[in-house]
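Take a look at the structure below.
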Amino acid sequence: QNQDVAMLDSHVFGSSGLNELRFQFARRYVGSDVTRYCPGCPAENRPSIRLGKVGIAPNRSTEDRWQLVNAFTYLLPDRLGDHSLKVGIEASFVDIDLFQPAGFDGVFTFGTDRPFNPADEATYPDRYLRNDGDPFDHPNSRVYAVFAQDHWKPRPTLTVSLGVRWDYEDALGV
């Protein structure tokens, strides 16, 4: 489920300036819960079939993003050609509520499709994985950006676009 609302305010400064201010709130919800069909069931992976539930189910995440962007464009005609200069800033605040008990009910991996037989070691699982710990996480993030660009048209048949952008994100691992 994705929901968002955005507002844009454009302000014209004479014949050569334009300021665009944009605000956005967006929410993304993703979730799957198979608990009612298979509570406590482990996953069983075989060469030709996957049985039980998916090892990463149940899971859910909610991501809320607050974003503010301001960009100012200034037109400079007849300065060794025409220039369209644009500068701007951006700030995004991303709050994430994550629940993912991946592998908490266990995952059996078999190297054969033959049914389990206690007398035949070849039918025993090759691997068993079971995770534990805290399934809740909040990998929140803050993103800041500054940019400047110029679209220069020195001749009617040639346009040169130059720009620079700096981004900073304080998310874990970034």
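For V87, neighbours were defined as the other residues whose beta-carbon sits under 13 Å from its Cβ, and their charges (Lys and Arg +1, Asp and Glu -1) total -1.
Please name which of A145, Y124, T157 has its Cα lying farthest along the dipole of the stretch 51-174 towards the positive end, using unit charges on Cβ (Lys, Arg +1; Asp, Glu -1) and the Cα centre as origin. Of A145, Y124, T157, it is T157.
If Lys and Arg each add +1 and Asp and Glu each add -1, what is the summed charge of the other residues whose beta carbon sits under 14 Å from the beta carbon of R114? Display every interim value, and only then the final one.
Details: positive: R46; negative: E44, D113, D120, E121, D126.
The answer is -4.
Entry comment: accessible area of the stretch 1-132 is 67 Å² per residue, from protein heavy atoms only and a probe of 1.4 Å. Once all protein chains are placed together, H151 keeps about 80 Å² accessible to a 1.4 angstrom probe.
Any idea what the dipole of the chain comes to, in debye rounded to 20, about its Cα centre with Lys/Arg Cβ at +1 and Asp/Glu Cβ at -1?
Working: 18 positive and 24 negative charges, 102 e Å.
Value, rounded to 20: 500 debye.
Amide H to amide H, with H built 1.01 Å from N, A57 comes under 5 Å of G103, counting only residues 5 or more places away or on other chains. Couplings for the stretch 141-157, taken from phi via the Karplus curve 6.51 cos²θ - 1.76 cosθ + 1.60 with θ = phi - 60°, read 8, 10, 10, 10, 8, 9, 9, 8, 8, 9, 9, 10, 10, x, 9, x, 9 Hz in order; Gly and Pro are left as x.
Extension gain, S32 to V160: 0.36 nm times the residue separation minus the Cα-Cα distance gives 41.2 nm.
Loop only by DSSP, 12 or fewer other Cβ within 10 Å of the Cβ. Give me the chymotrypsin sites (Phe, Trp or Tyr not before Pro) in the stretch 75-144 that pass, ordered by residue number. Don't skip to the end; give the middle numbers.
Details: sites: F93, F99, F104, F108, F110, F116, Y128, F136, Y144; in loops: F104, F110, F116.
Listed in order of number, the matching sites are F116.
If you filter the stretch 80-133 for trypsin sites (Lys or Arg not before Pro), then keep DSSP loop positions with at most 10 other Cβ within 10 Å, what is left?
On the way: sites: K86, R127, R130; in loops: R130.
For trypsin sites (Lys or Arg not before Pro) across the stretch 80-133 that sit outside H, G, I, E and B with at most 10 neighbouring Cβ atoms in 10 Å, the list is empty.
Entry note, the stretch 35-174: relative contact order of 24 percent, from Cα contacts under 8 Å with a spacing of 6+ residues.
Need the full-extension length gain, Q100 to D134, defined as separation in residues times 0.36 nm minus the C-alpha distance. One decimal, nm. Don't skip to the answer; put the middle values down first.
Values: separation 34, 0.36 × 34 = 12.24 nm, distance 0.89 nm.
Working it through step by step, the gained length comes to 11.4 nm.
The values are calculated or read from the model by the stated rules, or taken from the named source; none is laboratory data. Just so we're clear, the structure is a prediction, and the values are computed from it rather than from any experiment. No Cβ is skipped: glycine too gets one built from the backbone with ideal geometry, and neighbour counts run over all protein chains shown. Side chains are part of the model used for accessible areas, which takes the heavy atoms of the whole protein and leaves out ligands, DNA and RNA. Shrake-Rupley method; radii C 1.70, N 1.55, O 1.52, S 1.80 Å.
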